[in-house]
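What follows draws every value from the coordinates through simple rules; no lab data is involved. Quick caveat: nothing in here was measured; it's all calculated off a predicted structure. Positions of Cβ are generated from backbone atoms using ideal geometry, with glycine treated the same way; all protein chains shown enter the neighbour counts.
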Amino acid sequence: MYGKSEIPELSLEVLQGFITSFTAPPELMLSNMFSESDSPSSTIKWESHRGSRGMTPFVPPGAPAPVTSPLGISAHSAEAAFWKEKMAFDEEFLNNIRKEGTVQEYEAAASRLARELQGLVNRNYRRKEWMFAKMLGTGSITYTDTKGVMISVDYGIPTTHIVSLAAANKWDAGANKDIIGNIIDGKKLIVDDCGGRVNNAICDSTVLKYLARDPALLTLLQKSAFGTGDLFSGSKNSIVGVNPRVLSSLLDIDNLIIYDEKFEVRATLTAVVTGSSTTAVTVDSVADFEVGGTLRFHDTSADTYEDETIASISIINGTVTVSTAPTASFKAGEDYVSMVKGFIPTNTFVMFADTVEGQKIAEYKRAPFALDRHYGLKTDKDEQWDPEVVWIRAQNKGLPILYQRDAMYILTVA
């Protein structure tokens, strides 16, 4: 009888071939907007700038040149984020994949292997996307790893570039809202501070709906006032039936990106949840849950669920507290909770210039890890003898960095 090490489909060469054929899902757009380079160590060091557009002074012929230096420079240093995950292929799966039989059975097993590995790689890519979303959407990255260690990176975006509208000016229901004025203010601030031209804006479909329903924008988009009045045509990339290209043309922003991609967080219950009583929910990991998100309680045996709003999170106690206790009860070790959340917040409109004076404002720094100083996504495997299991692991290490701090404008609109 052959051992698992002799199964061709589970050889490291074949597995690596599977992995390298996978590319980041096209829906993960943020991390694909910036270039990548290697850092010499896991401590990422970079310098960021504020302002630009200096000009050389006049001097008399023969006079020494005045000394100048870059303005608004800040030095930054942060440890690269490290993330990894593994998946087990057990004896039953191993036997089925090498089972002699029809071609269809063999292809089904190989297809499953490819599908599972694709999911493992996609999860790894989503973590990288999450970091870019935090940098662009909030100006900082703060998270808790699975051991409860708090990690934080602040990119030093000026406070004038992180704006939250007053209640009367909110885009959803503000009595004095001025969407066009708010966008112009942000664009003008960026060009005044660093000379960058805003050519990218990012929001989700909720914020797009505010834009599409704004009376001032609708007036400008009328056929007699602007183009052919096709705001609600050619909208196959928008779930709210609005054509972002028309709005981007009107707002003079090259790329209005409507980004509805989401990520999911799961955790197993480690203590019983008593219906109509328990609000502090104990789980095996509180990492990545966020206050304000929706916590879904899953009853695995009944295949039912219940949703509640997350009110607070305790890293020390390992609890996620909801504002209202769920009606049903849930079992420890069997049932679980989850949260689905968009990479870009549903109340945020982000604008940025991707270059200032011909230089990109951000990039992703790959950091070395493992004994072979590997850079970028790495997969490997390990075999366990009893019980027979093959573990496939995917890991990565790096950090997005921001070079031009005042080329971004983060606006909380609702």
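In this rough spin-label picture, where each label sits 7 Å from Cα along the Cβ direction, the ILE315-ASP284 distance is 2.1 nm. Let me make sure I get this right: for the range 262-342, a, b and c are the square roots of the gyration tensor eigenvalues over alpha carbons, sorted descending. Under 1.5 in a/c it's rounded, otherwise prolate if a/b > b/c, else oblate. Which is it? Judged from the Cα gyration tensor, the range 262-342 comes out rounded (a/c under 1.5).
Work out the charge dipole of the range 111-211 with +1 on the Cβ of Lys and Arg and -1 on the Cβ of Asp and Glu about the Cα centre, then indicate which of VAL198, GLY156, TRP130 is farthest towards its positive end. Of the listed residues, the answer is TRP130. Computed about the Cα centre, the dipole magnitude for the range 262-342 is approximately 140 debye when only Lys and Arg (+1) and Asp and Glu (-1) carry charge, each at its Cβ. Shape of the range 325-406 from its Cα gyration tensor (a ≥ b ≥ c, root eigenvalues): rounded if a/c is under 1.5, otherwise prolate when a/b > b/c, or oblate? Oblate, since a/c reaches 1.5 and b/c is not below a/b.
List the pairs from LYS209/LYS360; LYS187/LYS365; LYS45/LYS134 whose alpha-carbon separation is above 23 Å, in the order I gave them. List each step's numbers first, then the result.
Values: LYS209/LYS360 31 Å; LYS187/LYS365 28 Å; LYS45/LYS134 19 Å.
From the list (LYS209/LYS360; LYS187/LYS365; LYS45/LYS134), the Cα-Cα distance tops 23 Å for LYS209/LYS360; LYS187/LYS365.
The simple spin-label model puts a point 7 Å past each Cα toward its Cβ; for VAL59 and TRP385 those points are separated by 7.6 nm.
In the neighborhood of SER152, defined by Cβ-to-Cβ distances under 14 Å, what is the net charge if each Lys or Arg adds +1 and each Asp or Glu adds -1?
Values: positive: LYS134; negative: GLU79, ASP145, ASP154.
Once all neighbours under 14 Å are counted, the net charge is -2.
Spatially, the range 361-409 and the range 314-333 are offset by 32 Å when compared through their Cα centroids. Computed extension gain for ILE180 through ASP372, at 0.36 nm per residue and net of the alpha carbon distance, reaches 63.9 nm.
Cross-link reach is defined here as a Cα-Cα straight distance under 14 Å, omitting same-chain residues fewer than 8 places apart; for LYS378 the aspartates and glutamates meeting it are GLU13, GLU85.
Compute for the range 154-228: radius of gyration divided by Kirkwood radius, i.e. Rg/Rh, restricted to C-alpha atoms, rounded to two decimals.
Details: Rg = 14.3 Å, Rh = 14.2 Å.
Taking Rh as the inverse mean 1/r over Cα pairs, Rg/Rh reads 1.01.
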